[in-house]
1. At 1.4 Å probe size, put LEU182, LEU148 in order of accessible surface, largest to smallest.
2. Between their Cα atoms, which of LYS94/LYS189; LYS109/LYS141; LYS77/LYS109; LYS77/LYS189 are more than 27 Å away from each other?
3. Hey, with R₀ at 45 Å, roughly what FRET efficiency would ALA8 and GLU44 work out to, going by the Cβ-Cβ distance, to 0.05?
4. Normalised by the residues of region 105-201, what does the relative contact order come to in percent, with Cα pairs under 8 Å and at least six apart?
5. If you take the beta carbon distance between ILE65 and HIS28 as r and set R0 to 35 Å, what does 1/(1 + (r/R0)^6) give as a FRET efficiency, to the nearest 0.05?
6. Among the GluC sites (Glu not before Pro) within region 68-134, which fall in a DSSP loop and have no more than 10 other Cβ atoms within 10 Å of their own Cβ?
7. Go through HIS126, HIS28, HIS49 and list them by solvent-accessible area, largest first, probe radius 1.4 Å.
8. So, with +1 on the Cβ of K and R and -1 on the Cβ of D and E, and no other charges, what is the size of the charge dipole of region 105-201 about its Cα centre, to the nearest 20 debye?
Amino acid sequence: MKRIKFIAVILVASVTVLSIGCDDSHQHPGRIYMPDMAYSRAYETYAQHDSALFTVDPTDKGRKIFYNSKPAEGTIKRGELFPYPLAKDTNNYKISGTVKSPLDSLSRKDIAEAGRLFNINCAICHGEKAQGNGPLGTSGKIGAIANLTLPNYVAMADGTMFYSVTYGKNQMGSYASQLTRLQRWEIIKYIRTLQTKPGGATTTAAGAPAAGGGKDSSTVKKG
Ligand code: HEC
């Protein structure tokens, strides 16, 4: 009996010591082998960063934590196409037609998705049928919106369209940050489907007003 009591006392004592020990270890973790891992240098994407610790200056890399909220240079998002080779430049606009579309044909599902994106991003100006008569066009707030069903746009190379959608043109802004490269090429394929629809002015002479409404393309500057 004495023995059992003795063992019980030892047990209670060791559990108490262990639990105190464990609590204590929170405050004093002991030796740290890899401090970077023990003390995370995590950042919040949109938080303001302490300039004593973080830098956006590439020459400060190493001394401070380099973080400019951009993907690492040379990296491509999964599912995205290779970078577009032409920079924004008047001369590059002229040769933009030489850049071929990476897409041969689109599945019915992809065309439907491209149409959805066109209606969200482009139809406000160009109209659902791409005839240049979207709500912003008819309101008169923005003039000279391209009627993309006119022969000069039917003849326009995919690459030139891509250039203009990427960098913007006159009244039209750039869509590079709203739409991925793949989405922009897909939308251009979708525009092609609208150009062949009956009602599109594909039979009118170049520069003449569209039969089915829309703006006169002769007011559209070439650049
Ligand atoms: C704010 C109105 C507006 C929106 C939105 C808009 N565009 Fe345009 N777009 C224009 C105007 C204006 C022009 C005529 C530009 C010029 O030649 O002066 C134009 C021209 C174009 C051209 C002919 C480019 C060229 O090189 O002549 C294409 C192709 C085009 N738009 C596609 C698109 C696509 C695709 C979208 C959606 C991702 C879009 N646009 C969204 C106003 C708009």
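1. Order by accessible area, largest first: LEU182, LEU148.
2. In this structure, LYS109/LYS141 lie more than 27 Å apart at Cα.
3. Numbers: r = 52 Å, r/R0 = 1.15.
Rounded to the nearest 0.05, the efficiency is 0.30.
4. 30 percent
5. Numbers: r = 27 Å, r/R0 = 0.77.
So, using R0 = 35 Å, E works out to roughly 0.85.
6. Working: sites: GLU73, GLU80, GLU113, GLU128; in loops: GLU73, GLU80, GLU128.
Taking region 68-134 and a limit of 10 other Cβ atoms within 10 Å, the loop GluC sites (Glu not before Pro) found are GLU73.
7. Numbers: HIS126 25, HIS28 125, HIS49 55 Å².
Largest accessible area first, the list is HIS28, HIS49, HIS126.
8. Working: 11 positive and 5 negative charges, 13 e Å.
About 60 debye.
The values are calculated or read from the model by the stated rules, or taken from the named source; none is laboratory data. This is a predicted model, so every value here is computed, not measured. Note that each Cβ is placed from the backbone with ideal geometry, even for glycine, and that neighbours are counted across all protein chains shown. Surface areas here come from the heavy atoms of the whole protein model, side chains and all, with no ligands, DNA or RNA. Shrake-Rupley method; radii C 1.70, N 1.55, O 1.52, S 1.80 Å.
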